[in-house]
Amino acid sequence: MRLTLAAAALIALAACSPKAADKEAAPAPPAAVAGPQMKPGEWRTTVTMREIKMAGMPSGAMNLQPVVATDCVTSGELDGFLKRSAMDEDATGANCTMNEMKTEGGRFTGRSECTDPDGATRTMQMEGSYGETRVDLTMDMSGQSPRGPMTAKMHMLAERIGDCKS
């Protein structure tokens, strides 16, 4: 899925890092996914940064306005949606390890730890729900940035809004 979990994680991380590149999440080991099957089509994704705290950054210095994107998502892109780790590799080129990814009955949770090329580390936790036409995700991140300790909280809502336009 172009702008769902993986992209949401990338947006959250890119907001906190000076380095950014377009990379898609790497496949995680196969896992059984029990729950609703997401439908291909036109999806609108809204990512909202709820909070960013970073050493040396004044409160309110970051733009926390929602980012909205619309993408045509194919059935092939949806096949591995919940089997992939949105946090195996991120926008900063970090090496990330998925410590946990559980999906069951339309709910999911995940936890990952990342080490940036410069040695900085961070931990990310996500949880949410998914259905045929909706994904609702929250993610908390804490770790070290080039400026020192940082935390971030974000929310992502993706909704199927119809069939893809030809």
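The values are calculated or read from the model by the stated rules, or taken from the named source; none is laboratory data. Everything quoted here is computed from the prediction, not taken from an experiment. Here Cβ is always computed from backbone atoms with ideal geometry, including for glycine, and neighbour counts include all displayed protein chains.
Structure notes:
- Scope segment 109-166; condition among the β-branched types (Val, Ile, Thr) and either under 14 Å from Glu51 (Cβ atoms) or over 15 Å from the mean Cα position of the chain (by Cα) (or both); matching residues: Thr115, Thr121, Thr133, Thr138, Thr151, Ile161
- Subset tally (residues that are farther than 17 Å from Pro149 by Cβ, of a type in the set (A, V, I, L, M, F, W, C) and at pLDDT 85 or above) for segment 26-61: 4
- Residues that are exposed (fewer than 15 other Cβ atoms within 10 Å of the Cβ) and more than 27 Å from Arg107 (Cβ to Cβ), drawn from segment 147-162: Arg147, Gly148, Pro149
- Output for segment 57-77, where each listed residue is surrounded by 11 or more Cβ atoms within 10 Å (Cβ to Cβ) and more than 21 Å from Leu157 (Cα to Cα): Met57
- In segment 112-133, the residues that are surrounded by fewer than 17 Cβ atoms within 10 Å (Cβ to Cβ) and touching a residue at least 12 places away in the same chain (Cβ under 8 Å): Glu113, Thr115, Pro117, Asp118, Thr121, Thr123, Gln125, Glu127, Ser129, Gly131, Glu132, Thr133
- Taking the criterion of being without any contact (Cβ under 8 Å) to a residue 24 or more places away in the chain and within 19 Å of Ser59 (Cβ to Cβ), the residues of segment 137-155 that qualify are Asp140, Ser142.
- Residues in segment 107-136 that are within 23 Å of Gly93 (Cα to Cα), part of a strand (DSSP E or B) and of a type in the set (A, V, I, L, M): Met124, Met126.
- Inside segment 151-166, residues that are touching a Lys or Arg at 6+ places or on another chain (Cβ under 6 Å) and closer than 16 Å to Glu113 by Cβ make up a count of 1.
Yes/no per residue for (1) under 17 Å from Ser145 (Cβ atoms); (2) at pLDDT below 80; (3) hydroxyl-bearing (Ser, Thr, Tyr):
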{"residue": "Glu89", "(1), (2), (3)": "no, yes, no"}
{"residue": "Thr92", "(1), (2), (3)": "yes, yes, yes"}
{"residue": "Met98", "(1), (2), (3)": "no, yes, no"}
{"residue": "Gly106", "(1), (2), (3)": "no, no, no"}
{"residue": "Thr109", "(1), (2), (3)": "no, no, yes"}
{"residue": "Thr115", "(1), (2), (3)": "yes, no, yes"}
{"residue": "Arg122", "(1), (2), (3)": "yes, no, no"}
